[in-house]
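Data block below; observations after.
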Amino acid sequence: MDSLGLLSELVALNTVSGEAAPQRRAMDSIVSLVKSRSPEVNVQSDLSGNHPWALITNEADPSATRLLFACHVDTVPIGNVSDWEFDPYAARVESELFLGRGTSDMKAGLVAATAAVIGALERGVPVAFLLTSDEEIGSLGAARSAAAVADLEIGAVIVPEATGNRINLGHRGALWLEVSVKGKAAHGSTPQRGTNAVLKLLDVVDRARRELPLSSDAFLGAETWNLGLVSGGSAPNIVPDSARAVIDHRTVGDGSSLLEWWRAQPEVDSVETSIHLAGVRTDSSVPWLSSLPTAVAAEPVSYFTDASVLAAAAPGAPVVIWGPGTPSLMHAANESVTVSELDDAIAAYGAVAAAWPTVD
């Protein structure tokens, strides 16, 4: 397989989250390539909806235990183009670096997984290959594919996110809350006649800095919160009658105590959940892990992935986050991946697939 050619094709596509059409084109390219090598594969998909997905499997005994590779095709926006030293969609190699948005997160991993799946299909290994959309905004494509994944017997899951080709066994969950506060409008010259919703929101946020019931976990680490978005008011001379904040919690539990805390604050009118993903933990004593060609890291990754959805859809299956790319370059300007990391991932995934039991 022409891995650099496929990566170039994928990176040149602006598959930003929330735009279904380019993500669909990326999935079509992968599905077409796999079918050109193994025409008899089964493809389940929903490519017409707002959050497309596709699941590729080979013919196997329904009870066959499969190795699942799960990759998202979307990327975050490029941000300020002036921060880039090269065209974000140039998709070219320079000094052994493959340059462009999505190279580390996670199109290099997608290419490596595609190579492994093609090889596995040709050898009759029972595999499954999941392509998802909109992972970056809450694993929305993965959520819509969960029922199809749950119908399979999954023995292990590889999520090829950027880890520098280190194997990680989990990550914290994510709970994003939209906190709304109401006030009363009045003229800016007589603020005492109104109720300033922005000031009420500031009171809540200040209290959160001292009182939020943040937990910790021996493996996943400490829970955190980030005040990511704040909005309120319409003009300097109007007392704002509404204000809104979006809070990003990274959780180690189910997040219920955090949600309850925000809802209990007297200034808060409503709290809506926009993302609620569980944390992921794979037991390091699982025998399959000792067969992998790379050492297992002691710590989890810091970001969330589709593994939150897949761990629930395939209960009991070990889930690893493991792929080419540099975590610090994810979502950053001048994103890149080394060609050697891509090659190493292709070889490692291929070895894992080759060791998986074949269909009789």
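The values are calculated or read from the model by the stated rules, or taken from the named source; none is laboratory data. Just so we're clear, the structure is a prediction, and the values are computed from it rather than from any experiment. Cβ: placed from backbone, ideal geometry, glycine included. Neighbour counts: every protein chain shown. These accessible areas exclude ligands, DNA and RNA; they are computed on the full protein's heavy atoms, side chains included. Shrake-Rupley method; radii C 1.70, N 1.55, O 1.52, S 1.80 Å.
The residue list Gly124, Val34, Ala333 was ranked by how far each Cα lies along the charge dipole of the chain toward its positive end, using unit charges on Cβ atoms, and Ala333 comes out on top. Bridging of Lys35 to aspartates and glutamates at a Cα separation below 15 Å is possible for Glu59, Glu122, once same-chain residues fewer than 8 apart are set aside. Computed over protein heavy atoms with a 1.4 Å probe, the carbon and sulfur contribution to the accessible area of the stretch 128-231 reaches 50%. Computed on protein heavy atoms with a 1.4 Å probe, the accessible areas place Asp74, Asp151, Asp269 in the order Asp151, Asp269, Asp74, largest first. Taking 7 Å steps out from each Cα toward its Cβ at Glu272 and Tyr89 produces label points 3.1 nm apart. Across Thr132, Thr358, the residue with the most accessible area heads the list, and the full order at a 1.4 Å probe is Thr358, Thr132.
Between Ala312, Ala142, Ala70, the GNM of the chain built on Cα springs shorter than 10 angstrom shows Ala312 fluctuating the most. Computed on protein heavy atoms with a 1.4 Å probe, the accessible areas place Met106, Met1 in the order Met1, Met106, largest first. Angle, helix 197-211 long axis vs. longest principal axis of the chain, Cα atoms, 0 to 90°, nearest 10? That helix lies at roughly 60 degrees to the long axis.
Protein heavy-atom accessible surface, 1.4 Å probe, per residue over the chain: 42 Å². Note on Thr224: accessible area is roughly 60 Å² with a 1.4 Å probe, heavy atoms of protein only. When +1 charges are put on Lys and Arg Cβ atoms and -1 charges on Asp and Glu Cβ atoms, the dipole computed for the chain relative to its Cα centre reaches about 840 debye. Rounded to the nearest 10 degrees, the inclination of helix 20-37 to the longest alpha-carbon principal axis of the chain is 10 degrees.
Relative to the longest principal axis of the Cα atoms of the chain, helix 108-123 runs at roughly 30 degrees.
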